Structures are given as C-alpha cells and as structure tokens.
1. If you take the residues of segment 95-110 that are assigned to a loop (DSSP other than H, G, I, E, B) and more than 8 Å from the ligand (Cβ to nearest atom), which of them is nearest to the chain's Cα centre (by Cα)?
2. Being touching a Lys or Arg at 6+ places or on another chain (Cβ under 6 Å) and part of a strand (DSSP E or B), is that true of even one residue in segment 83-94?
3. Filter segment 24-51 down to the residues that are assigned to a loop (DSSP other than H, G, I, E, B) and hydroxyl-bearing (Ser, Thr, Tyr) and list them by number.
4. Name the residues in segment 158-174 that are within 12 Å of the ligand (Cβ to nearest atom), open to solvent by 60 Å² or more (accessible area, probe 1.4 Å) and of a type outside the set (Asp, Glu), would you?
5. Could you say which residue among Ala111, Ala41 is modelled with pLDDT of 95 or more, more than 22 Å from Leu180 (Cα to Cα) and buried (at least 21 other Cβ atoms within 10 Å of the Cβ)?
6. Considering segment 114-128 alone, what residues qualify as being open to solvent by less than 40 Å² (accessible area, probe 1.4 Å), within 11 Å of the ligand (Cβ to nearest atom) and of a type in the set (A, V, I, L, M, F, W, C)?
7. Report the residue count in segment 64-85 for those that are open to solvent by 10 Å² or more (accessible area, probe 1.4 Å), over 15 Å from Arg3 (Cβ atoms) and in contact (Cβ under 8 Å) with a residue 24 or more places away in the chain.
8. Being part of a strand (DSSP E or B) and either charged (D, E, K, R) or away from the ligand (no atom under 13 Å from the Cβ) (or both), is that true of even one residue in segment 4-19?
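The values are calculated or read from the model by the stated rules, or taken from the named source; none is laboratory data. This is a predicted model, so every value here is computed, not measured. Note that each Cβ is placed from the backbone with ideal geometry, even for glycine, and that neighbours are counted across all protein chains shown. Remember, those area values only see protein heavy atoms, side chains included, never the ligands or the DNA or RNA. Shrake-Rupley method; radii C 1.70, N 1.55, O 1.52, S 1.80 Å.
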Amino acid sequence: KKRIAFLVSGRGSNFQAVLDAVAAGDIPGICVGLVTDNPEAYAIERAKNAGVPVMVVDYAGFPTKAAYEEALLVAMRGCRADLFVLAGYMRILGTGIVREFSGRMMNIHPALLPAFSGLHAQRQAIEYGVKVAGCTVHLVDEGMDTGPIVVQRCVPVLPDDDETRLADRILAEEHKALPLAVKLFCENRLEVDGRRVWVR
Ligand code: GAR
C-alpha cells in the first residue's frame, strides 16, 4: 500500500473525499499525515476523526517564507509519504520542496487548466464568460498550476451562475477527480511521458 500525505490550508473537503475512498477500500493506500499551514483549518478535525496524524506548520509563526518552508519540508519528510496530495493548499511551494517531491506530488485546481490558474479560478471563469468549467488534478512542477495533467472533469456554466454556485458544481466533480487520480497513482497505473500522463 502507498503512503499518502496531504497538504491542506482550509476546509478539506477534497482531503475528506480521499479519506473516504481509502476507508472504502477503493484506493490501495494508507493516509499517513495531514500537514497544514493554518491552525484553524477544518481539515484538522477531519484528520483527527480519521485517526490521521496532524502537523501544523503555522505560516504566521515564521519570520520569512524561507524559514516557514524549511519547517514545512521537515514536516513533509517526516510523513515518509510515497505521494503528497495538495488539496486546497493555498500557497505557492518553493522550488526546493517541488524538486524533492517531483513525480510524487499532485494538486487539485478548480479550473480546466491551462485556463484560469492561480487564485479565484471559478470567479475568473465566470468573468471570462466560458460555457464549460471544471477541475484538474495535475502533478506539481516548478510553475504555478502547470504540471502534467492526470485527470480533468468538466461541468456546464449555467446562465444564472454566480461564483458560489459554479464553485459548488465544480467541487462535486473535484470529489470524484481527486480520489481517482490518487487511486491511479497508488495502483502504479500512471506513466508520465513529458507533459503527457498515460493511464495503464
Ligand atoms: C478546492 O476547490 C480546490 O480545488 C481549491 O481550493 C478548494 C479547497 O476546498 N484549490 C485551489 O484553488 C488551489 N489554488 P477543500 O478544502 O474543501 O478541498
């Protein structure tokens, strides 16, 4: 079984979706740790309820981003994870961390990349006026939301959508896409060929 660890900043509903899929036996993995930059994150309660160890690396407790990332890296190494899942981690990771976990770190983003990277992706989609939106699970590389794509799922944008309604519709798809991507990784079924990821 693969050791799966998570980096989460907030609510943690995507983290929960993976916890549930592991508990249901759909994913051949074991959830070994939650690392969070936010001591108030609701994800902490979810981890405790599931018996998953929690490491809080409070961003506000460090004088510089470099000092924070040094502590974050120590916490991440301590998980001895085969896979690190960024599930609503709302900061950009430094290149040191990205390199160390290259090929075994994935991120969920609430847009059909490469459109609408960065923050407030759902609002960007509404403002642009696209008719189709969705979510992307990708491997993490040194760019922002630029790594090889593993899974995408789409939803329609409907006439009276606001940011919240669209975000809710996308979130329901995120909760399918992320467990699927984690499952494929844990089953050793992902083959990375440059930018393209094949499912065996
Ligand atoms: C999700 O919509 C995720 O795609 C997004 O934050 C939300 C976290 O929700 N991530 C990003 O925007 C990353 N830039 P959750 O904590 O309930 O999983």
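1. In this case the residue turns out to be Arg104.
2. Checked against the condition, which is being touching a Lys or Arg at 6+ places or on another chain (Cβ under 6 Å) and part of a strand (DSSP E or B), segment 83-94 yields at least one hit.
3. Tyr42, the sole residue that qualifies.
4. Kept after step one, since they are within 12 Å of the ligand (Cβ to nearest atom), are these residues of segment 158-174: 163-164, 166-174.
This time we only want the ones that are open to solvent by 60 Å² or more (accessible area, probe 1.4 Å), so: 163-164, 168.
Result: Thr164, single match.
5. Answer to the selection: Ala41.
6. Within segment 114-128, Phe116, Ala121 meet the criteria.
7. Qualifying residue count, segment 64-85: 4.
8. Yes, there is a match, as at least one residue in segment 4-19 is part of a strand (DSSP E or B) and either charged (D, E, K, R) or away from the ligand (no atom under 13 Å from the Cβ) (or both).
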